[in-house]
1. Restricting the search to the range 88-106, which residues are of a type outside the set (S, T, Y) and surrounded by 17 or more Cβ atoms within 10 Å (Cβ to Cβ)?
2. So G238 fits all but one of (1) open to solvent by 40 Å² or more (accessible area, probe 1.4 Å); (2) in contact with a helix residue (DSSP H, G or I) (Cβ under 8 Å, 6 or more places away or on another chain); (3) under 29 Å from S34 (Cα atoms); what number is the exception?
3. Could you please find all residues in the range 87-123 being under 16 Å from G157 (Cα atoms), among the small types (G, A, S) and over 20 Å from the mean Cα position of the chain (by Cα)?
4. Any idea which of (1) free of Cβ contacts under 8 Å to residues at least 12 places away in the same chain; (2) within 27 Å of F146 (Cα to Cα); (3) not aliphatic (A, V, I, L, M); (4) not in a helix (DSSP H, G or I) is the one P69 doesn't satisfy?
5. Within the range 246-256, track down each residue that is within 10 Å of S3 (Cα to Cα), of a type outside the set (A, V, I, L, M, F, W, C) and either open to solvent by 40 Å² or more (accessible area, probe 1.4 Å) or in a helix (DSSP H, G or I) (or both).
6. Filter the range 29-40 down to the residues that are open to solvent by 10 Å² or more (accessible area, probe 1.4 Å) and touching a Gly at 6+ places or on another chain (Cβ under 8 Å) and list them by number.
7. Can you name every residue in the range 225-268 that is over 16 Å from the mean Cα position of the chain (by Cα) and at pLDDT below 95?
8. With D59, D24 as the choices, which residue is without any contact (Cβ under 8 Å) to a residue 60 or more places away in the chain and closer than 15 Å to A270 by Cβ?
Amino acid sequence: MTSVSIREVAPRDGLQNEDPVPADAKVALIDALSRTGVRRIEAVSFVHPKAIPQMADADEVWSRIQRNPEVRYSALIPNTRGAQRAIAAGFREIEVVVSASDTHNRRNLNRSTEESLHDIAGLIPLVHDAGATLEVIVATSFGCPFEGDIDPARVAGIVARVRADGADRIAFGDTTGMATPRRVRDLLSEVRPDLLHFHNTRGTGLANILTALELGVTEFDASAGGLGGCPYAPGASGNVATEEVVYMLHDMGIDTGIDLEQLIKAAELAEEIVGRPLPSGVLRAGPRTRVV
């Protein structure tokens with residue numbers, strides 16, 4: 001393996017777990033990340049402002065960023081109304097989430113997993129007719145704070161269903177940081193995603209990425225500074241920090257296309273925006289650990 005693709009999710013997944021910040025700050029963060037060499041950025045989500053007030057200004061933020069033609073920007077949506085807004089805004093890469101855990105799905109989306117899957121089946125032709133693609137993110141794939149362990153067969157069943165309905169891509173979300181290398185192997189031996197999204201809540205994020213690499217996965221989400229979590233999953237703090245992932249991969253001789261120095265600057269900006277230290281070890285260690 002010589003290269004890995006990273007999608008930067010701090011502007012959406014990261015900031016939605018913080019107190020609301022001004023649109024100016026969101027625009028500055030996206031613009032800084034767009035200069036790092038990262039090729040994919042999850043920019044905003046189109047959700048009801050009562051559900052996620054942190055994303056209430058999604059249209060304004062998207063209209064103001066300096067779009068890098070070499071970056072693919074995507075938006076997360078919860079339902080048909082969100083998809084319509086994303087399409088109207090001009091997004092051509094759209095993500096929708098469904099939880100393998102029915103309890104988490106009800107907490108997160110106020111409907112059952114089955115109801116979400118039915119909605120996704122109707123979303124796919126709407127998105128495709130607009131010339132866009134739809135990625136289905138299966139949240140709580142490695143465990144749920146309410147239901148505990150998730151049977152890999154349940155995740156595989158969801159994947160089979162949305163693929164049959166025409167989903168373009170599949171991602172697995174480690175929503176609560178319960179994944180371990182053993183859980184990664186168990187799930188990926190049952191069904192394979194296009195992309196993996198790990199949290200570092202229990203300190204296993206990088207180990208999980210290494211395990212997934214060994215199993216052939218080459219696309220991952222990560223968040224500058226380790227910003228983020230899930231507002232509907234107790235204790236689900238700490239996405240894997242993009243700069244930690246990039247540092248590790250570059251030291252292994254695996255290319256990401258990302259300038260680590262520019263990425264660290266973007267992570268430092270994220271710290272300033274949220275007004276507190278972020279968990280990234282690279283930020284704490286300083287320039288002696290920086291690999292270019």
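1. Across the range 88-106, the qualifying residues are F91, E93, I94, E95, V96, V97, V98, A100, D102, H104, N105, R106.
2. In the conditions (1) open to solvent by 40 Å² or more (accessible area, probe 1.4 Å); (2) in contact with a helix residue (DSSP H, G or I) (Cβ under 8 Å, 6 or more places away or on another chain); (3) under 29 Å from S34 (Cα atoms), G238 misses (1) alone.
3. Answer for the range 87-123, where residues must be under 16 Å from G157 (Cα atoms), among the small types (G, A, S) and over 20 Å from the mean Cα position of the chain (by Cα): S112, A121.
4. Evaluating P69 over (1) free of Cβ contacts under 8 Å to residues at least 12 places away in the same chain; (2) within 27 Å of F146 (Cα to Cα); (3) not aliphatic (A, V, I, L, M); (4) not in a helix (DSSP H, G or I) leaves (2) as the failure.
5. Taking the range 246-256 and keeping what is within 10 Å of S3 (Cα to Cα), we get 249-250, 253-256.
Among the residues that remain, those that are also of a type outside the set (A, V, I, L, M, F, W, C) are: 250, 253, 255-256.
If the condition is that a residue be within 10 Å of S3 (Cα to Cα), of a type outside the set (A, V, I, L, M, F, W, C) and either open to solvent by 40 Å² or more (accessible area, probe 1.4 Å) or in a helix (DSSP H, G or I) (or both), then H250, G253, D255 are the ones that fit.
6. Answer for the range 29-40, where residues must be open to solvent by 10 Å² or more (accessible area, probe 1.4 Å) and touching a Gly at 6+ places or on another chain (Cβ under 8 Å): G37, R39.
7. Hits for the range 225-268 are P234, G235.
8. Values: D59 fails: closer than 15 Å to A270 by Cβ.
Only one candidate qualifies: D24.
The values are calculated or read from the model by the stated rules, or taken from the named source; none is laboratory data. Because the structure is predicted, anything quoted here is derived from the model rather than measured. For neighbour counting, all protein chains shown are included, and Cβ atoms are generated from backbone atoms with ideal geometry for every residue, glycine included. All accessible areas refer to the heavy atoms of the entire protein, side chains included, with ligands and DNA or RNA removed. Shrake-Rupley method; radii C 1.70, N 1.55, O 1.52, S 1.80 Å.
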